[in-house]
Amino acid sequence: MAMILDGKAVAKSIEASLTERVAKIIQKGGVQPILATILVGNDPASETYVKMKGNACRRVGMDSRRIDLPQATTTRELLNIIAQLNNDTAVAGILLQHPVPDHIDERACFDAIALRKDVDGVTCWGFGRMAMGEPAFGSATPAGIMTLLDHYQVALEGKQAVVVGRSPILGKPMAMMLLNRNATVTICHSRTQGLADIVRRADIVVGAVGKPQFIKGDWVKPGAVVVDAGFHPGNVGDIDLPAIVDNCAAYTPVPGGVGPMTISTLISQTVAAAE
Ligand code: NAP
């Protein structure tokens, strides 16, 4: 029977320790740390994610400041708001919810976030430092996945890890984090040839494709550890989990696997920034 990598339970226990740390920050400095969240436009899924992040702040005793901007916001306007938040000493961390509308230069806006406030780990500078093994806030979703794998003591060193997806916030930093832990990493993407056979070699598979149940059950080697970062309507991820649960060693459920770990990592990094 496969082990469930229970992100919901691990995130809950992390939150308990964060609550104590936040109380100490408030005791020492007299102010509640704030996570500023910026949402541009009104994508319903993004609205839900921002709301969940704000709720998580309040659960651990922090505050969150929501900045909701209209769809027509320009890159310049967004850069101005980020500059204000960088200079606001009450704000410990800044989250710019991805994706922003197409006409905005998302990379320029991510990179305008001050490194010390980049609690979602989206800047090039933070990515570079993380990749080089220097202290930096990791991109929240892959960093949360690493915390989850470590919690369950999944062995990484020398293992074949296959990451399907190479996005700046997920696949690429995921691959670097696994590489830094001495896994042998293969990164796959939309132009990869022979994808199923590559995935079949993996001891650890990370699905970060953004397509419902794209990775099929018979692509996964028996005994592999399976991480599904995807989330789609109908509570399915990027991997056909029902087809692999009887054969794999461990897997992240959808929901309740990677999602809660993403939020707890964001909150945890905000607490660290405030400290
Ligand atoms: P993304 O930016 O759309 O990236 C998808 C990646 O998958 C790209 O690198 C793309 O390759 C690759 N891909 C697309 N079609 C492929 C194919 N046929 N074969 C192999 N690779 C293919 O998505 P993302 O932001 O990384 O998100 C990925 C998934 O994670 C989504 O389901 C999203 O909902 C989920 N997610 C979850 C959380 C969470 O907190 N739980 C956070 C972020 C994302 P190219 O680079 O070649 O286009």
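Taken together, the values in this text are just the output of simple stated rules run on the coordinates, not laboratory data. Remember, predicted model here, so these are calculated numbers, not experimental data. All Cβ positions, glycine included, derive from the backbone under ideal geometry; neighbour counts span all protein chains shown.
Of note:
- In a simple Cβ point-charge model (Lys, Arg +1; Asp, Glu -1; nothing else charged), segment 140-256 has a dipole of about 360 debye relative to its Cα centre.
- Candidates 174, 52, 261: whichever shows maximal mean-square fluctuation once the chain is modelled as a Gaussian network with Cα springs under 10 Å: 52
- Histogram of C-alpha separations across the chain, 5 Å bin width, %: 1, 6, 13, 17, 19, 16, 13, 9, 5, 2, 0, 0
- Most fluctuating residue given options 213, 84, 97, as computed from a GNM of the chain linking Cα atoms under 10 Å: 84
- Shape of segment 73-183, Cα gyration tensor, a/c cut at 1.5: prolate
- Formal net charge of residues neighbouring residue 181 (Cβ-Cβ distance under 10 Å; K, R +1; D, E -1): -1
- Across 123, 184, 262, mean-square fluctuation computed from a Gaussian network of the chain (C-alpha pairs under 10 Å connected) peaks at 184.
- Whether segment 140-256 is rounded, prolate or oblate, judged on the alpha carbon gyration tensor where a/c under 1.5 counts as rounded: rounded
- Legend: ranking of residues 122, 10 from fewest to most surrounding C-beta atoms inside 10 Å; resulting order 10, 122.
- The ranking of 265, 89 from fewest to most other beta carbons within 10 Å of each one's beta carbon is 89, 265.
- Whether segment 32-118 is rounded, prolate or oblate, judged on the alpha carbon gyration tensor where a/c under 1.5 counts as rounded: oblate
- Counting neighbouring Cβ atoms within 10 Å and putting the fewest first, the residues 125, 219 line up as 125, 219.
- Charge-dipole axis of the chain as Lys and Arg at +1 and Asp and Glu at -1 on Cβ define it, positive-most pick from 2, 230, 192: 2
- Counted charge near residue 197, where neighbours are those whose Cβ lies closer than 14 Å (Asp, Glu -1; Lys, Arg +1): +3
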